[in-house]
Amino acid sequence: MTLTEDEKMRIRYFLGYPLTESVYSLQSGVPVPLQTYFLLESAMNHVMSGAIPRIRQILAVLENVETQLLEAQVNLSAEQVGEIRLRGADSGKTHTDLLEREYRRWAYRLSECFGAPVYWNAARFGASTGTSLNVRVNN
């Protein structure tokens with residue numbers, strides 16, 4: 001039993017990896033650590049058959065959370081409707097914040113199945129748009 005190409009594509013997506021045929025060595029002027037991409041690719045090709053049902057279960061959870069995020073868009077403008085008040089996670093957090101946190105929880109579990117990290121430059125895992133990079137200069 002092996003992962004299908006569709007499942008591999010969904011795994012890349014949920015872990016934040018670029019969905020391109022080739023991963024470039026620079027992205028927005030910042031070096032991309034290609035090793036993590038190849039770690040994931042290799043791991044997906046060497047999954048133990050007994051682990052595949054668990055991986056498929058986690059993929060289903062992630063798809064469910066993403067569906068809930070899409071459906072929650074209609075609720076972004078309302079905090080209270082009549083007697084119903086939408087529950088926040090922490091002070092200042094919204095329902096979508098809870099879903100994003102749950103998404104990350106399950107994406108990290110998927111990442112652990114492969115022993116490969118989530119993609120470091122994905123905003124959903126904390127990457128900022130203004131990335132700075134320290135470069136060591138030898139004199």
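The values are calculated or read from the model by the stated rules, or taken from the named source; none is laboratory data. Since the structure is predicted, the reported quantities are computational estimates derived from the model, not experimental observations. Calculation scope for accessible area: heavy atoms of the full protein, side chains included, ligands and nucleic acids excluded. Shrake-Rupley method; radii C 1.70, N 1.55, O 1.52, S 1.80 Å.
On full extension, the segment bounded by Gln57 and Glu71 gains 2.9 nm, given 0.36 nm per residue less the C-alpha separation.
Rolling a 1.4 Å probe over the protein heavy atoms leaves Glu112 with an accessible area of roughly 140 Å².
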